[in-house]
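Below you'll find the structure, written out as structure tokens, and then a few comments.
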């Protein structure tokens, strides 16, 4: 069995034949390679209509397939709620809800500050036996880790199950369907030794879902030519004057396994 990855809205499974073809190839269709991303901070020049492209850029999907049984054991789709993603989210949210400039400023500052202490992911799972896909349960078939190419491996410090995704979540994360179980995951930005959980020199970072049935990885390739901003200092939205704002819901949750 092997994990097959692809991006964004092309996440939802088609038919068995498509699964077999993808599994045999081990890659997505030509020209569909996920774009590289940057963890660089700083002001963005987004408008509300940019959100669709931004959420796709920060979303990855992987399938764990067994060819013997033609069965998709696990499909994982995750959006990394980066500084860049959150800025676009805020702009879209403020436009949708007609918030004031002052509301925009406060919400943007708050949500950007969260990226300085943790790595946040919005995750949707489907496939296999639903009862064993609950990441908050001790009997879950899967554990999840934040990984990078330098060998870092970090357990989440918060996992929150979203039992009934609300209209905002279903709209802003368009891959969510009634077949998915949805979670918010938070990983510490720094370990107990003070070292970053995603190394400064990492070429990529990602999520690994592993269990007795196999493992699957989602990867975000980093554009190393664009340096990431340091993880200290105050977040600010003062550079923007356009109306737009709000934050992804906070990633509070039960302790991770």
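Some notes on this structure:
- Considering the conditions (1) in a strand (DSSP E or B); (2) modelled with pLDDT of 95 or more; (3) over 21 Å from residue 108 (Cα atoms), residue 184 is excluded by exactly one of them, (3).
- Residues in segment 49-67 include at least one that is modelled with pLDDT under 95, part of a loop (DSSP other than H, G, I, E, B) and either surrounded by fewer than 19 Cβ atoms within 10 Å (Cβ to Cβ) or under 16 Å from the mean Cα position of the chain (by Cα) (or both).
- Residue match in segment 102-123 (condition: over 19 Å from residue 198 (Cβ atoms), at pLDDT below 95 and more than 20 Å from the chain's Cα centre (by Cα)): no
- Residue 112 being out of contact with any strand residue (DSSP E or B) (no Cβ under 6 Å at 6 or more places or on another chain), surrounded by 18 or more Cβ atoms within 10 Å (Cβ to Cβ), closer than 17 Å to residue 184 by Cα and in contact (Cβ under 8 Å) with a residue 60 or more places away in the chain: yes
- Residue within segment 126-142 that is closer than 24 Å to residue 35 by Cβ and either surrounded by 19 or more Cβ atoms within 10 Å (Cβ to Cβ) or touching a strand residue (DSSP E or B) at 6+ places or on another chain (Cβ under 8 Å) (or both) present: no
The values are calculated or read from the model by the stated rules, or taken from the named source; none is laboratory data. As the structure is a prediction and not an experimental result, all values here were calculated from the model. With ideal geometry, Cβ positions are generated from the backbone for all residues, glycine too; neighbour counts draw on all protein chains shown.
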